[in-house]
Every structure is written in structure tokens, then in C-alpha cells.
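Undergrad: Here it is, the structure, as C-alpha cells.
Where a number appears in this text, it was derived from the coordinates with a stated rule and is not lab data. Predicted, not measured: the structure shown is a model, and the values here were computed from it. All Cβ positions, glycine included, derive from the backbone under ideal geometry; neighbour counts span all protein chains shown.
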Ligand code: SF4
Ligand code: SF4
């Protein structure tokens, strides 16, 4: 009898980690492609370098930990981390910024904890936060869109200069909506409200023709990607809806009471990294709570913290910080929020037998 | 920038404090460990560890005078649990993983000398002078005292026979073996 | 997709695997030819091992008692055909680890002659309900859905708890399996009659038959059979795995949950499988014990999948032969459905009372792949019909914290349905973890009981030895005392003797003196 003891089920839905990652990348692709088009070759270079750096770091770490690198690399999680990190960087940022972020994301954010599935923090956000703290200038130097093929767009060579050395960078810097608003606000209300009014939700926001991170400007395409993920069942609605509510509801309230010193809801929704965060960052499986209800709370927390940071803290954008803070809360949420078990009440006690509770 | 750093630091400190307090509040009062260890030992007082009975062994374990591998009837499993309980790391590879065992009488060579059931700490062997002895499976702890004393080597330890009632799935391997064709015993004609 | 489920009011738990029920479900029942030997394990049920009442060499008729029930929860075993007992000892068993079981081997004589003394109750609906229970108990009927719990014990429980609703489980949610489907299509009247008999036996007022809506033919047949019986309701339920699990079916049919620390009767219902209802009908109407059943033989490696009615004790290989044999060596032979079935190490294993299917699966069907680390995607949480958090339980079990998995994460509530492992993108063998942990915890409990027994025995021995020593000492003391007394007496006598001698000597001396 040469039998092998295998346990049921003897069937599988066919879902796989690689497939999940690939679906997320597919959903992220349109917004990224738009970023490539809007910010030109430097953006393409930066994205490529960052993704490659992530994969390489992952491979080195896996080798160093004595694991077979190929099967783990094949699941695509390192590529996705690099991709998410890249799309949250300023599009014309120098390549070394992407590399430093990538090494931080994979080595510090993921592998030191034991690799896939073990990291308490979202690796891409670890990279981004580290860069924000260490290199605040490079991380907040934005450019206005220079669509590929338009007159102002850098060609292949000029782009290489920008990505490798930061040449010709200063000439074209532009303020991001959230950043510009915050800066102006310290000088006076008029400038700020001018910026807020100059922001056109449709063309600047939904379509994405504005200064901002590589892949987070095109709100419309991000929304499309998010809906695609929802439809494919890759993500649940809980975390994104929580995050959107967490930012937009207090923002709406605050804007009605302080219309001059705060941004309108549309600017919060389309003007920063909210949609990217809601659909692609807070939905990260590993670092968010393990139950649907927990994810709603998690999303709400991320949203509220983002709102607080955007309005009351020193940084104009707060998604990355908010996500990392809530990542730290995840174990607590997982302890507190669990599904109700069949035959038990919410507190885990067995339900009373039928008619058994009458005396 | 500074504000953010300050905020992060405050938050970190706050969380740390919270966790610290929680750890303190939720801390389980340490039981008298000797009693707990004694409860883990087989309790047959067989003395193979060289201590006077299981209580003596538990006391010795508690103050570190004895290794966790001291109890032969408990085997590797017990050693592992003791190591876990005491928070020590131990190399168990040298310890035979025989699993729990019980004594069995080879009826062809038993001469009915009655020596074995005089030493059995749990009265698990029955018989009488000049009659073949038998082991009561449920009462035997596998301490091997009888095996040592048997003049004809008729007693030996066997693994406890597995029945469908006691069989259990083994721990899943980290990378499970994939199924191979299973029909070696009955071809597919 | 959850959102569509929500809109269509489907239950949010569970999974929807490809059902693979056709073509087997649409083929008429086949009858297997009798093989030469039948192997009948003595535990085809939950509970005590049945005790043989026949001897090697006995000739028996079909339906004759071979082994009687032993203990409160147990079931007898009967001869599936007429023939001669050729062995009583260990037989192959359908156990995943290939363990053998005590059993009886019967050589068929080919006549297949029924025991003529068997007869049913004339008018069961006017009989004492107790008589129905007795018939069911004597016929060795057990839960045919795979649980194999003795049916008569459940009837007694239902009567004691005054259960009002009887649920007949025609869910059959496991992919591939269609034995219940076939039974309902071909013998709907018998099933309905059996259900009514059970309801009468326990005093239930209502019978609800839950059938998954992917079996329209069965639903139609059962509806036709139930016509005229107002208390019998045929209720189509959504096809969703594990709808055929008692707890899930109860919650769908009566909108109540079974208490975690209780039984179905605590929710006011009793659940029996359609196969059990049929077996009850056979036992009560015809007095026939449970000696045959319908088994689905399917899977990509089977040439001609279908349902067969077979005597118990027939080997799996014989069943596969009856379905045209194998097209290729299967990657895995499974007993039961693919979601919860167990691997069969050998084709020699016999069909037993709880065998609902034999699947010869190809590698592609079995879907094997090496596991990867958990990515906490929570697919398993969504799928679990019991509201558990499988990835947390598995993580605790992997780390060796079995007690925590049980106490904090409700491992004991897991029904082992396999939904979690079915959806896991990392292919983690979650249910294997859970079964390992449940077995390990049960083993520890056994060890603990054993240890307690050991301690008691040791204490008893010590007190016995003390007592013996005391007795010995007492005896020794008594002997000593007796000896001492003897000695003292002897000494006294000696002393007296000496005294007398001395006196005599003295007397003699004086005499001498006197004579001198
Ligand atoms: S389905 Fe698998 S990978 Fe996803 S959380 Fe559950 S165990 Fe982890
Ligand atoms: S945890 Fe248990 S009950 Fe839940 S899906 Fe997994 S096997 Fe089924």
C-alpha cells in the first residue's frame, strides 16, 4: 500500500496568490499607464527602477534566509509592493529615491518579519514613510503633467538625466493641491482659497491632469480599478468604504463650518492619494485585520487619521502615516472584532436551547 | 516634519504604555510550578529517573537539577511539553521517538515466576505462580520495570496499538507530500 | 460576488464548487453482481463494537443477525446475502491510514435467499411508537449521510425532547455525489413513507424535506410522493455547499441555530438523511435490516460513472468494475465526497453503511499544489459557514498553541466542512490542521484520564502494600508473641524442673549428710 495520507478537501476553487496579485496589478495598470503618459519618460524610468529594486531586494533577502527564491518571487508580491511604492512617489523623483524606498519596503517592511504574510506593516507604506521622513524635499517636489509627445515633455535622454541626476528639475516644479493649499494657508486665507477654487474636480481630479504622485492623480481610472477588484471579489467593500467615509464625512462637516480654511470634499477625494489608498493600500491583506467587520473599522480608522493629518498636522498628505498607524492597531482590532460563531452569541456563549430559558 | 515626528513618538509611547499595562493587568499568577510539573509526569512512581517518585522528579525539574528528558515512560512528547512549560530549549533529536509504549508478554517463554507483577507500580500485570502472565493495557505506563526483571526476557515494550478510535491525523508537514497514484495493491485492469 | 448573494438572499456562508453531479446523477440505478466474499466490519457505526453471534462455518440467510449491538450506542450487523461464515477476525477497513477492523467474512452462496422469519409491522401507524423504534434498532439502521449515528438512539432522543419538526436532509451538497438524488427520484414514495414513520415514532407534527434546487427531478418526484400528506413539506433550498450539513440546513429551514453546546433537538428539530428514511421504511414495513445501500461511483478516472445499489461488504474495486473500471490510474481514491471524504489507501476496502460515494479522481480534479504562507486574505473567514476565523486557528495550531485555538478561536465548533481550505489561495491544508489539533487534543484528554487512572492504581497499590505489610507485621508479631510465650513457658518449666532437681539434690545431700 503506497498511499499518501492527504486530507480533504480533494478539490480546490483554483484561487492562488499569484492570481490575486496579478488581478491587483491589472486593476492598477490603467491609472499607472495614465501616469506614464502624463509625466513622461522620467515616470517610466522611476517605476521600472523601483519595481526591479524591490524584486532584487526580495531575491537577495530570500537567498540570505536560505529559501528558494523562485517560487516566492513568482507569487508577484514583491512586484506589487514595488509598483505601489512607485506610484506613490513624485513622478520625476531621482532613481535612487526609488531604490532606497524599495530596499526599505522589502527588507525592513517585509523580510525582517519573516516574509510574505508575516509583516505587520504595509511594506510599500513603510518605504514611503521612511522616504517622507528622511528626504522630505525630494518627496514633495512635484511637477505639472508633461504628457508624452507634448512640447514640454523631456525626451528619452533628458528623462534619463532627470531620473539619474535630477537635471533640469527645478525649472518645472509645481505645487500639489494639498501641499500648495497648506503652504498658502500659513500665509493667508486668500491664496489658499484661490488654490482651492482653481482646482477643477473633473479635469484635475477625475481625469487626473494635476501635479501629484506618479499613479495617484487619475481618480477616475483608480476608481475603475477599484470597482474591478470588487467585482472580481479580490477585495471586500469594507475597507475602501470605511476609508472613504472616514475622510469625506468629517471633511464635509468641517468644510461647511470653515469654508475658507478647509478644502471641499471633492478636493479631498480627487486631490491626493485617497482613492489609491482606499482601493489599493488599505485593502492589503497581510497588514489589515483578518475579518470583514474588522476591515470596516480599519478603513474608518485610516480615513479618520488621514483626515486629521491632512487638516491638523504638518504634512499635507496623510494616507501613508494613517495606514501605518492603523497597521499597528490591527492585532488589537483582530482581538476585539470577530465574526459571530454559529450557535453562539457575540460573546461566545452557547445559545440557549429552544424553550430552555423559560423557567 | 517635527510635528509628525512628535506625533509618532507620542503615539508609540502611548501604545507602548497601553500594551505594558495590559500585560501587567492580564498577567497570569504563577502557579506553584512543582505541582504543575508533577501533574504532567506519568505518576507511576517508577523511579527510572533516579528520583524518589514523580514528586521528587518534579521538584528536581523545577529547580533545574534534572533535564526535561528525564522521564523514559513520558518519552519525547513529555520532554517537549516540559521544555515548553519551563521555557527551556532542548535538543530532542537524540531521544528515541518511540511514542508511548506498553509492556507485552511473550506467552511462549513466560514461566510464570511472578517477579514482574511484584515490581509493577500500577498492578498492571496479572497472573499467578506457574501461570502465564498478562498485561492490562489500560493500566500499564510502559515504565519497563518488569522488562528489566524478567528472567526469561519474555516481557518487552511495544508501541500502544493504534485503533480507529485512537488514531489521529499527524501534524501537517510544512510542505505536504503530494499524492501519488495509490493503486499499487490492486491494478486497474 | 458577495453583493449578488446578498441581493439574491442566498446565505452568505459557504462556497459554490462545480457540482460534477452529471452524468452519474442522470443514469438509472444499477445493481452489482454478487462477489465471492463480503467483508463486514463490526463497527460501521458510531459507538460500541458489535459482538459476533455466529461462528466460523455457520451458514446464514440474507438479513440474518451476525453481530448484536453492544452498549447503549451501537448497532447490529446483518448478513447482506446468504452464505457461509469463513472468517471472524480483522478485515480491511475504509480508514485513511489503512487500519484494519474486527469483522466477519462471508462467502456468498449466490442464492441471495432472505431469512424468511423477517417481517414488518402490519399497521405501523396504529402501533406503539416504541415498536417502530425497536424495529429500527433491530435492523441496524444508522445515519446514512455519513455520520452513521445509530438511528434508533436518535429516535429515542427526539421523543424524549418532544421534537415538533422532523427535517429530512436531501441536501446532498457534496460535489459528485448523487446517491440521495437517485434514491429520491426512483423511490420517492418509500422515502416519504419512511419520513412519516420517523415522524410518527418521535411524535413530530411536521416533516420538512430540504432538497437543493439543483435537483429539480428529485424535487418533482418527492412532491408527487408527498401529495396527500399535509404534514410533509418539500422545500427546495439554494444549492450551496455545505447545505447538507445538519446545522446549516436547520438554520435555512427553520431559521433557528443549534446551540453550540447543544444538539439539534435543542433547536426543536431532528434531522435524518433521506437514505435513513428509506432504510427505516424497509425495516418497519418489510422487517428488512440495513444490508444494502446506494453508492455513487464517479470521478474523472472512472469509465462509466453512475449510482449502484450494492450489498454492504463489497470491495471498492468490485464497485469500480461495475462501473466499467478505470480509464487511468487515479491520483486519488476518495471515500465520500471531495470536500469531506477520506482517502482510501486500498481498493480492497469494503462498502459500509456510511459509504455514500467512491471517487477516483484525476490529479487535475484533486487540485494538489504546494502550500504557501498565509496572506491573511480572509477568504476563509468569508467562506466558513460556522463564523470561525480559520487562518487564526491554523496559525495557533502551527505554533503549537492548541489549547488557545480551542478556547479562544472555537476550534471545537468547526464542522470540518472544508470550505476554508477550498478557497484558500495559499492552498493551506486548513482542515488537516484542524483535524490534527482535534485528534491531538482528544489524545491528550485520553492521556490525562490514563494518568489519573495510573495515579489511582499506584495509590491503590501503595495502600495495598501497606496493608499487606501491616498484616505481615501483625502476623509476625503474633508469631513472635506465641513463640515468646512458648519460650517463657518452656523456661518456666525448665526452671521449675531445675528447682525441683535442686530441691531433690538438696534433699539427697541432706540425706547423704544424714547418712554420713
Ligand atoms: S484563505 Fe488561506 S491565505 Fe487567506 S487568510 Fe485564510 S488561510 Fe490565509
Ligand atoms: S473552519 Fe471548519 S467549519 Fe469553518 S470552513 Fe473551515 S472546515 Fe468549515
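Undergrad: Rounded if a/c is under 1.5, else prolate if a/b is larger than b/c, else oblate: which is the stretch C:176-253, with a ≥ b ≥ c the root eigenvalues of its Cα gyration tensor?
TA: Oblate, because a/c is 1.5 or more while a/b does not exceed b/c.
Undergrad: Continuing with this model, one more query. Could you let me know the centre-to-centre spacing of the stretch C:298-359 and the stretch A:18-34, using Cα atoms, in angstrom?
TA: Computed from Cα coordinates, the inter-centre distance equals 44 Å.
Undergrad: Once each part is reduced to its C-alpha centroid, what is the distance from the stretch A:245-267 to the stretch C:204-248 in angstrom?
TA: For the stretch A:245-267 versus the stretch C:204-248, the Cα centre distance is 55 Å.
Undergrad: Can I ask one more? Between the stretch A:188-226 and the stretch C:43-90, what is the C-alpha centre distance in whole Å?
TA: 81
Undergrad: Can you tell me the order of C:356-369, C:226-239, C:293-306, B:38-51 when each peptide is scored by its average per-residue count of other Cβ atoms within 10 angstrom, highest first?
TA: For the peptides C:356-369, C:226-239, C:293-306, B:38-51, the packing ranking is C:293-306, C:356-369, B:38-51, C:226-239.
Undergrad: Next question. Just check the stretch B:35-86 against the gyration tensor rule for me: Cα atoms, a ≥ b ≥ c as the square roots of the eigenvalues, rounded for a/c under 1.5, and otherwise prolate or oblate depending on whether a/b exceeds b/c.
TA: Because its axes are fairly even, with a/c under 1.5, the stretch B:35-86 counts as rounded.
Undergrad: Once the piece of chain linking residue C:113 and residue C:468 is laid out straight, how much longer is it, given 0.36 nm per residue of separation minus the C-alpha distance between them?
TA: Gain on stretching residue C:113 to residue C:468: 121.5 nm.
Undergrad: On to the next question. Between the helical axis of A:292-312 and the dominant principal axis of chain A, each derived from Cα atoms, what acute angle in degrees is found, rounded to the nearest 10?
TA: For helix A:292-312, the angle is close to 30 degrees.
Undergrad: For each of C:74, A:77, B:144, count neighbouring Cβ atoms within 10 Å of the residue's Cβ, then give the residues from fewest to most.
TA: B:144, C:74, A:77
Undergrad: For helix C:274-286, report the angle its Cα long axis makes with the longest principal axis of the Cα atoms of chain C; keep it between 0 and 90° and round to the nearest 10°.
TA: 70
Undergrad: Shifting gears a bit: Averaged across the residues of C:448-460, what count of C-beta atoms belonging to other chains lies within 10 Å of each residue's C-beta?
TA: 6
Undergrad: Starting from the Cα gyration tensor of the protein assembly as shown, take the square roots of the eigenvalues, sort them a ≥ b ≥ c, and report rounded, prolate or oblate (rounded when a/c is under 1.5, otherwise prolate if a/b is larger than b/c, else oblate).
TA: Oblate, since a/c reaches 1.5 and b/c is not below a/b.
Undergrad: Relative to the longest principal Cα axis of chain A, at what angle does helix A:189-198 sit, 0 to 90 degrees, rounded to 10?
TA: 80
Undergrad: Among B:130, B:118, C:438, C:154, rank each residue by its count of other Cβ atoms within 10 Å, from fewest to most, as a rough exposure measure.
TA: B:130, B:118, C:438, C:154
Undergrad: I've got another one for you. Using only atoms on other chains, find how many Cβ atoms lie within 10 Å of each Cβ of peptide A:323-335 and report the average.
TA: That works out to 2 on average.
Undergrad: Quick one: work out the % antiparallel among DSSP beta bridges in the protein assembly as shown, nearest 5.
TA: If I count the DSSP bridges inside the protein assembly as shown, around 65 percent turn out antiparallel.
Undergrad: Please report the antiparallel percentage of DSSP beta bridges with both residues in chain C, rounded to the nearest 5.
TA: So the antiparallel bridges in chain C amount to around 60 percent.
Undergrad: As a footprinting exposure proxy, order A:54, C:419, C:414 by other Cβ within 10 Å, with the fewest listed first.
TA: Neighbour counts put them in this order, fewest first: C:414, C:419, A:54.
Undergrad: Moving on to the next point. Give me the percent relative contact order of chain A, please, defined on Cα pairs under 8 angstrom at least 6 residues apart.
TA: 18
Undergrad: For peptide C:54-67, what's the mean number of Cβ atoms from other chains within 10 Å of each residue's Cβ?
TA: 0
Undergrad: Next question, about the same structure. Using helices alone, what [θ] at 222 nm do you get for chain C, with -39,500 (n - 2.57) per DSSP H run of 4 or more residues, divided over all residues and rounded to the nearest 500?
TA: -12500 deg cm²/dmol
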